[in-house]
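Computed from the coordinates by the stated procedures, all read-outs in this text should not be read as laboratory data. Everything numeric here is computed off the predicted structure, so don't read it as measured data. No Cβ is skipped: glycine too gets one built from the backbone with ideal geometry, and neighbour counts run over all protein chains shown.
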Ligand code: IPT
């Protein structure tokens, strides 16, 4: 077989829409026989019906064979895992042979063999006769099986090669996972239908095209029946939007079969450089979704697809880009039904050519024109009936070239109703929207103001300047982060040209692994790989939301609250819906304890409500207003919180330090205050209210985040030696207070910090610490943190605190955290990033009660507590590397460096950089209640 052919397939039928039909179909999923060969040269006699496959293994279809013990997965981002020499393929070419027998039901004649997705070069035989081959892994193909079917037993044989000339078109940033990974069906449906359903001012206009005839279309819910192909009808109808996904059941009937469709009326247009849906500006609050399941790879179970859509809806996501290939067709049905705007992206990426200066890029090689067009056609034809799909994307990171024009020209002609998207060509020569990835806030703002740098070609520049702008990828959700979400959203909301964007990306592609819990690149011994770059999602591999998704939910809130004296103003931020589906609840809490809770009455359009009168209560008082679903929605239960806002009603009464201090006294080698003690030599706290501790001391280091690492900060920090600070004690002075003068610095530099601790005892028995920090020398770069670290016995099990929570927060993240009283075990304080790194910091803590003692800030501090040290956290590479030790490591911080999104995109914004500066950290330690 010529695997180096540029031809995308042979013997296949014309592509057509994915449709639900009443025509008989035979599900050929299930257990198949399987054999893997290391090269493409294995004999082809297995295709004979009488071939003896008893020595073969069983393999489920759909699946990827490397996830079932045959070969291994491999991960690369940009790099091709084989030499770049198109159209040639490596000699080592894993080749999977499949066999399955099936019985044809009585009276069955004719039919098509349909494969919804096979990765990557697939040949098919029926009863020993070769039907043809196909490439284009994430797209369907069909063969006419009619002539070769026989009554009773039939044998289907399939050979799937991992590598072919088409592999050069499939360089997406994901695991390389060959196999028949979507459904296989024998169907007698042959219908193709293209429904056109537009919307304007309360009316829907409907028409359709169909293959063959005679056919008619009916929409009972609209009183439409017997509509002929080509005829157009306008009726009163509700529009489809992602917020109000109104679908109408329709049937298309021909003498052979009846297909059912769900029609949504909607019109996507561009006017004055603004993206409109049904005539109104559309703000995309999107995510990039790869198909992924930790056990099944891209063979994603239906329930998991549904879970993705539900999770997105529940986190205020309104759009999805199907990065970087058309998803399983069921996913698009779910988007229609539950409401998400979709950019459907073609199965095309040639990113690795960028590493060789884009030489021989298939995108610009006429030999590949047919293959690229074939992919575009198969996507558009399959998916053309989905109201959720608002744009076609030509692909991702495929450089520039003439084949883009071939794809775009065909798509425009076939479906003028949807704008075209492609990010890889800055000139936008073939697109209708200007799209970029990872542009900084400043650049996005410039584009919003129509003040971007011009293109060299004035005509193209004028064209592009008239286009709406979107970020098809931004805010790279790798590890801890992303930071800077709120600032992006503020820009998207401010400038009409900005149509929003899509976070990179939805899920961590960590594969379930017996030793590592989740594997990433390199864990299968791949010689070329991109490590944990595949772990960059808003949800962990098991779909637990990460703090990044919770932040995103807050930033994407469709309702906002403005507080003024005695009133709250509720602002409707939906593009289409009113607020009638929401209920509003106001809660007043004093020091985190609820004093009043009541419903607020608000008009559906939003407006003002009086906030509750709250009787007095001790401590800081906060008003929280929450918008929750008033009744069950298809995507979320009644009571589900959609949005919230908080305002401070009354600050904490000022704290009385009280009475005269009994003071600190020398006792043997210690300096003692009741059952607390300091080592007289080092001045360090060794006992706190009877608890054996290792005293707070200055710390500047954190286990680098992915963003610290890939953005270059970690390198600077390590070069400076912030992970190996030395502490020199210059003086331990005791009078009314204990003063410990130290200088903290790494070896081999003259930079350092003077750290002076002053300890005293308050009249009510609290230990007060005041730490003065003074940098010496020129600290050019931001530092990881500024605070103290202490260690506690392992018996410390958890903490109750008052301040923002319950989740983690850094200077530019933690938007989801609200002020309240929270409790967590030490374990629960950890965010289990698949690649271990700094995590779990609680910001703005007023006080934290550890049972044996309480720490209070003046006014606040940052808190992290772990059962491992920063060094252990920094050294860990997989979750199981983190093993609880004998101590609890408690960090009490003044400040942290921002998180940013420098793994791809900008680092922390300047206002979130932590520069070494003179500062004082005041902490108060009280005897605990337990
Ligand atoms: C960008 C890719 O489009 C995306 O697939 C993913 O690889 C992401 O990077 C990194 O996780 S391209 C990059 C050059 C910005």
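Quick notes on this one:
- Residue 929 paired with residue 528, simple spin-label distance in nm, labels 7 Å along Cα-to-beta-carbon: 6.1
- Under 18 Å from the residue 203 label point (7 Å along Cα→beta-carbon), backbone N, region 229-264: 231-240
- With one equal scatterer per alpha carbon and no solvent term, the Debye-computed log10 I(q)/I(0) for region 27-108 at 0.17, 0.23, 0.25 1/Å reads -0.85, -1.21, -1.30.
- Evaluated at q = 0.05, 0.09 Å⁻¹, a Debye calculation over the C-alpha positions of the chain (equal weights, vacuum) places log10 I(q)/I(0) at -0.35, -1.00.
- Near-label residues of region 139-180 by backbone N, under 14 Å of a point 7 Å along Cα→Cβ of residue 88: 165
- Expected 222 nm ellipticity per residue - DSSP helices of 4 or more, -39500 (n - 2.57), all of the chain, to 500: -3500 deg cm²/dmol
- Angle in degrees between helix 329-338 and the longest Cα principal axis of the chain, rounded to the nearest 10: 60
- Antiparallel %, DSSP beta bridges [both residues in the chain], to 5: 90
- Residues 860, 539, sorted so that the one with the fewest Cβ neighbours within 10 Å comes first: 860, 539
- Inter-probe distance in nm under a simple model that places probes 7 Å from Cα toward Cβ, at residue 633 and residue 41: 6.0
- Centroid-to-centroid, using Cα positions, region 152-171 and region 58-85 are 13 Å apart.
- On Cα atoms only, tilt of 485-494 relative to the major axis of the chain in degrees: 60
- Proxy reagent accessibility, fewest Cβ within 10 Å first, across 1, 174: 1, 174
- Relative packing of peptides 374-384, 589-599, 483-493 - highest average C-beta neighbours within 10 Å first: 374-384, 483-493, 589-599
- Using 0.36 nm per residue and subtracting the Cα-Cα separation, the extra length available between residue 886 and residue 724 on full extension is 56.2 nm.
- FRET E, pair residue 456, residue 148, Förster distance 41 Å, beta-carbon r, rounded to 0.05: 0.15
- Percent of alpha-carbon pairs separated by more than 17 Å within region 830-887: 46
- Net lengthening on full extension, residue 27/residue 569 (0.36 nm per residue, minus Cα-Cα): 189.6 nm
- Note on residue 78 and residue 102: the model spin-label points, each 7 Å out from Cα along the C-beta direction, lie 4.3 nm apart.
- Ranked 786, 3, criterion: other C-beta atoms within 10 Å, fewest first: 3, 786
- Gain on full stretching of the segment that runs from residue 356 to residue 269 - 0.36 nm per residue minus C-alpha separation: 27.5 nm
- Helix axis angle, 402-414 relative to the chain longest principal axis, alpha carbon, degrees: 70
- A Förster radius of 51 Å combined with the Cβ-Cβ distance from residue 764 to residue 244 puts the calculated FRET efficiency at roughly 0.30.
- Distance between region 443-480 and region 127-146 - C-alpha centres, whole angstrom: 41
- Computed across region 558-634, the Kirkwood hydrodynamic radius from all distinct Cα-Cα pairs reaches 13.2 Å.
- Burial ranking of peptide ranges 565-577, 114-126 (average Cβ count within 10 Å, highest at the top): 114-126, 565-577
- Take every Cα pair under 8 Å whose residues are at least 6 apart in sequence, average their separation, divide by the length of region 665-927, and the relative contact order is 21 percent.
- Protection proxy ranking of 540-546, 86-92, by the mean of other Cβ atoms within 10 Å over each peptide's residues and highest first, is 540-546, 86-92.
- For region 566-618 versus region 837-881, the inter-centroid distance based on Cα atoms is 33 Å.
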